[in-house]
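Reviewing the structure listed below.
The values are calculated or read from the model by the stated rules, or taken from the named source; none is laboratory data. These numbers were taken from a predicted model, which means no experiment stands behind them. Here the Cβ positions follow ideal geometry from the backbone for every residue, glycine too, while neighbour counts run over all protein chains shown. Heads up: the accessible areas ignore ligands, DNA and RNA and are worked out on the full protein's heavy atoms, side chains in. Shrake-Rupley method; radii C 1.70, N 1.55, O 1.52, S 1.80 Å.
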Amino acid sequence: MVNSRIKAVTMDSLALAVILVAVGILAGVLFGANGTRIATSMSIVVTACVGLQVFSGNTGIVSFGPAAFMGVGAYTAGILTMSPVVQRTALPHLPAWMAGYGLSVWSSLVVAALAGLILAGVSGLVIRRLSGSAASIATLALQIIVYTVLVATKDITRGSQTFYGVPRNTTLVVALCVAALSIVVARTFRDTRTGRAVRATREDEVAAAAVGVDVRQARLKAWLLSGTILSIAGALLAQFLGAFGPKDFYFESCFLLISMLIVGGLGSVSGALVGVIVITAVTELLRALEGGGNFLGYSVPALYGLPLVGASLAMILVLFFRPTGLVGGRELELAKAWDPSKGRASKPVPGTQDVQAPKGAHALEANQLSRHFGGVRAVDGVSFKAEAGLITGLIGPNGAGKSTLINLLTGQLRPSAGHVALGSDLIENRQPHLIARAGLARTFQNLRVFADMTVRENVLVAAEACAADTALAVWRTNDALARFGLETLGDRLAGSLPYGQRRLVEIARALATGPRFLLLDEPAAGMNPAETKELMGRLAALRKDTGVGILVVEHDLHLIMSLSDTIVVIDRGQRIAVGTADAVRTDPAVISAYLGSKRMGEKKAQLAPGSVAQVIGASAS
Amino acid sequence: MEFVQYLVNILSLGGIYALLALGLAIVFSIVGLINFAHGELMTIAGYLIVLSLSFGLPLPVVLLVACLGAALSAVLMDRIAFRPMRSASVTTLMITSFGVSTICKVLFQNGVSARGRAVALPEWMSGTLTFGGFQIGMVPLTSIVLTALALIGLDIFLRKTTLGVAMRAASEDFVMVSLLGLRANTVIATSFAISGLLAGIAAILWISQRGSVDPLMGFTPVLKAFIAAIIGGLGSLRGAVLGGFVLGALEVGSEPFLTIGTAPYRDAIVLLAVVLLLLVKPDGLLPAVRGVRS
């Protein structure tokens, strides 16, 4: 099962590599020396674009820094491969420890990769901590910093003057080999444990952390791999051009790379490859027209920069008509076309339930938990204990502080005061992903599935984040999918499912972390009565089989009254009642909270307790 | 004495950054676009100055033509390139503007000239004024005065006029403004017009210091303004102005500490400081207020 996935990914990456090699050889054969030159340059750009895709595609953060890494790679390789004789005239002030290596192309690529890795490591300390546009801006800053340094370190880089004398050792064969290898690495990375984790952070950072993904670490790993590949591309480019300057590694080339990736599709390695091939074809065609002259009987005026205009227009049109790119968000999965095991992939493995015993259940306890926002006491000294093996309901009117309370329990918010205990561990000061790994898993009220990942990936990423052992992660994934009837939907994109099923995916995802306690925020919201009934059955069975404690927040009071062993009621940030469904139903404080204190006197006089509960149920559902 | 000189330099350089950053911030706060093509508006204003000077128009008319031309170009840019993508993400819009900027540059290079054009400044601009013992060049002085006038004028517009108040509201919660019955496209067009106007004024100041116009002239100042807007807090109008002056102060203020060896690294050092600031305050010095709906 796992092996068949790995096999599919390997086949797919090889198929992409074969396409590249075929296009490269074809160009060489059809157009001779000029074709070979274009194919070589295209292979270098494929390497760079794939390197950019590893970070930007998987994290969703557009990087404006790819050319910075290429520049570092290019100058590193340039200095190291230059013959000592040329070096003495071109770089007379070069520090001695850098001079006189005259390396071959392959060894220069290794050193350039190392240089890129170091730059990525240093800059990654900052990048990993930022998200969204702040991270994009940091990459832009990196680009300008590296450019400034390249121009300023005249002794090593010749400043803004042309850096010349680099042996032109990047042949078509070398460039194709490296590009094919990069494709295989990037395509495989996407479906590794880290690759899935990074893509989960792209879909939803909060939800990824809530199922145990270390967002910063995942992002850093993608950044390191991306920087390494980009530097290698730069080293290839240096030995292709022979002479270059810092301007070759500034905004223009950065922009060209981004536009290629966007035309093909940011989300996939196939997209990077398609984008490079399409834009190369467009720009090469326009380059022929750039100088003006007669074409097909029309006289065309010279327009320098035409290829750049073409690339820009292609990008804008694609953004407008097909924002996910020509390929779209998913990989092409070419290998699937001739894969005989197609459709069989997501069958669960039955009968292995007893292989791994559950970790054992824990109680969840809040002690004097408070959170203030300015003067608002959203949660004000709430204490309760949700026992292992029981289902505890948490209810309260709108604005009572339920969501804040849950966020405090699972670390999305830090409490102003008070403690949260899971079993015997205090967890209130831990980061969300560590809380998830400690065994407290949750779902979200406003549905946070990883929409552009498959159902199986959604669940697997959670299992992998919390279990070091791959076999255990796969077992938990299969078990969670089977428990919520999702085993046949494994290959569907989670975002394409109907609402009720997306809720189930989220619950299955939380369950796959192997929780000691499970926290469900309005699991039945948006479900129809039949789905709700089915969900109740599945939750009851889950509790019976695993003994895991469950805390359910619900607006549907009928559901919560019949499902829960104990109910905690909060209002205005404070716990106002706790007890069995029957006890809570007749509690005057609860009735007053739901119906308003002024009306309470009349209602109490007129209605029997049972019928008040009917009113509560009707008004809140 | 020397301090006053630094202050003048900070105010005149920071003022240009502030005007540009403010233009970026107004558009960003309303449509969520980080407009990389803002620099091309400066270039357009620059070419309009060259063109109208060659017709022999008087200086005030020349400056008016430049500013209005830049404002009109900004509105046109929005109509042609950005309006069709109104609902797109911040990243998509930003990359689109990158494309627009590239196309404009190529058009300038081919349509006008790849080389710079000298702009003849009027005589009085090259003089200096003496204030009780110290001298101020006319160029920095005009810069400071024009910047102050532009900022005060904009402040009055945003506070006292209906459209201005609507724009401030739109920058906090755009959906709400359209629900209140204000025309979304009027508000957006006005924001682009103001950003173009500010780019035009900044272009005049920039050219008065450089004395020439070329197709790439907008790139560096707008990049700096972009950084200034981030320092202040992207989308925050007061933040953009503050960020502009902070960046000006960082650049001018670091000069005495830089040696011949370290001077070329100035931009790198300043940016490193900005990145470190982002780590501590990811939303900038004066973060934008946003209407948040769950």
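Here is how the numbers come out for the structure above:
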{"item": "Nearest 10 degrees, 0 to 90: helix A:306-321 Cα axis against chain A principal axis", "result": "20 degrees"}
{"item": "Solvent exposure, largest accessible area first (probe 1.4 Å, DNA, RNA and ligands not counted), of B:168, A:196, A:585", "result": "B:168, A:585, A:196"}
{"item": "Stokes-Einstein D for the stretch A:2-266, Kirkwood Rh over Cα pairs, 25 °C, 0.890 mPa s (µm²/s)", "result": "131 µm²/s"}
{"item": "Chain A, relative contact order [Cα under 8 Å, separation at least 6], %", "result": "15 percent"}
{"item": "Carbon and sulfur %, accessible surface of chain A computed with the full protein complex present, 1.4 Å", "result": "60 percent"}
{"item": "Whole-Hz couplings from phi, Karplus 6.51/-1.76/1.60, listed for the stretch B:146-158; x for Gly and Pro", "result": "4, 4, 4, 4, 4, 5, 5, x, 5, 4, 4, 4, 6"}
{"item": "List A:496, A:63, ordered by accessible area with a 1.4 Å probe, largest first", "result": "A:496, A:63"}
{"item": "Residue-averaged 222 nm ellipticity for chain A, from DSSP H runs of 4+ at -39500 (n - 2.57), nearest 500", "result": "-19000 deg cm²/dmol"}
{"item": "Dimensionless Rg ratio for the stretch B:140-294, taking C-alpha atoms and the 2.2 N^0.38 Å reference", "result": "1.19"}
{"item": "Choice from B:116, B:232, B:32 showing the highest fluctuation, given a GNM over chain B with Cα pairs closer than 10 Å", "result": "B:116"}
{"item": "Average accessible surface area per residue within the protein assembly as shown, 1.4 Å rolling probe, Å²", "result": "41 Å²"}
{"item": "The stretch B:90-146: projected area of the alpha-carbon convex hull, averaged over directions, in nm²", "result": "7.1 nm²"}
{"item": "Shielding score for B:260-273, defined as the mean number of other chain Cβ atoms within 10 Å", "result": "4"}
{"item": "22 Å tail of the calculated P(r), the stretch B:2-217, as % of Cα pairs", "result": "53 percent"}
{"item": "20 Å binning of all Cα-Cα separations within the protein assembly as shown, expressed as whole percents from 0 upward", "result": "13, 38, 34, 13, 2, 0"}
{"item": "Gaussian network model of chain B, springs between alpha carbon atoms under 10 Å - residue of B:141, B:33, B:129 with greatest fluctuation", "result": "B:129"}
{"item": "Between helix A:2-59 and chain A: long-axis angle, C-alpha atoms, 0 to 90°, nearest 10", "result": "20 degrees"}
{"item": "10 Å Cβ neighbours from other chains, averaged over peptide A:308-317", "result": "5"}
{"item": "Under Karplus coefficients 6.51, -1.76 and 1.60, residue-wise ³J(HN,Hα) of the stretch A:492-499 in Hz, glycine/proline x", "result": "6, 5, 4, x, 8, 7, x, 3"}
{"item": "Between the stretch B:197-263 and the stretch A:449-489, the alpha-carbon center distance in angstrom", "result": "51 Å"}
{"item": "Contact order normalised by residue count of the stretch A:57-192, Cα under 8 Å, 6+ apart, percent", "result": "35 percent"}
{"item": "Helix-only mean residue ellipticity at 222 nm for chain B, each DSSP H run of n ≥ 4 adding -39500 (n - 2.57), per residue, nearest 500", "result": "-23500 deg cm²/dmol"}
{"item": "C-alpha center-to-center spacing [the stretch A:1-32, the stretch A:254-285] in angstrom", "result": "17 Å"}
{"item": "The stretch A:183-221-the stretch A:57-127 distance, computed between alpha-carbon centres (Å)", "result": "27 Å"}
{"item": "D_trans [Stokes-Einstein, Kirkwood Rh over alpha-carbon pairs] for the stretch A:94-197, 37 °C, 0.692 mPa s, µm² s⁻¹", "result": "194 µm²/s"}
{"item": "Protein accessible area in the stretch B:2-217, 1.4 Å probe - carbon and sulfur %", "result": "67 percent"}
{"item": "Ranked order, A:572, A:509 - accessible area, probe 1.4 Å, largest first", "result": "A:572, A:509"}
{"item": "Dipole magnitude (debye, nearest 20) for the stretch B:2-217, charges at Cβ of Lys, Arg, Asp, Glu", "result": "420 debye"}
{"item": "Test item: A:259-271 mean partner chain Cβ contacts at 10 Å", "result": "1"}
{"item": "Loop chymotrypsin sites (Phe, Trp or Tyr not before Pro), the stretch B:28-65, which have at most 12 other Cβ atoms in a 10 Å radius of their Cβ (DSSP)", "result": "B:55"}
{"item": "Total accessible surface hidden between B and A, rounded to 100 Å², 1.4 Å probe", "result": "2900 Å²"}
{"item": "Residue-wise HN-Hα coupling along the stretch A:209-219, computed from phi with Karplus coefficients 6.51, -1.76, 1.60 (Hz; x: Gly, Pro)", "result": "5, 5, 9, x, 7, 7, 4, 4, 5, 4, 5"}
{"item": "The stretch B:140-294 - percent relative contact order, Cα under 8 Å, separation 6 or more", "result": "21 percent"}
{"item": "Solvent-accessible area of residue B:6 with every protein chain in place, 1.4 Å probe, in Å² to the nearest 10", "result": "70 Å²"}
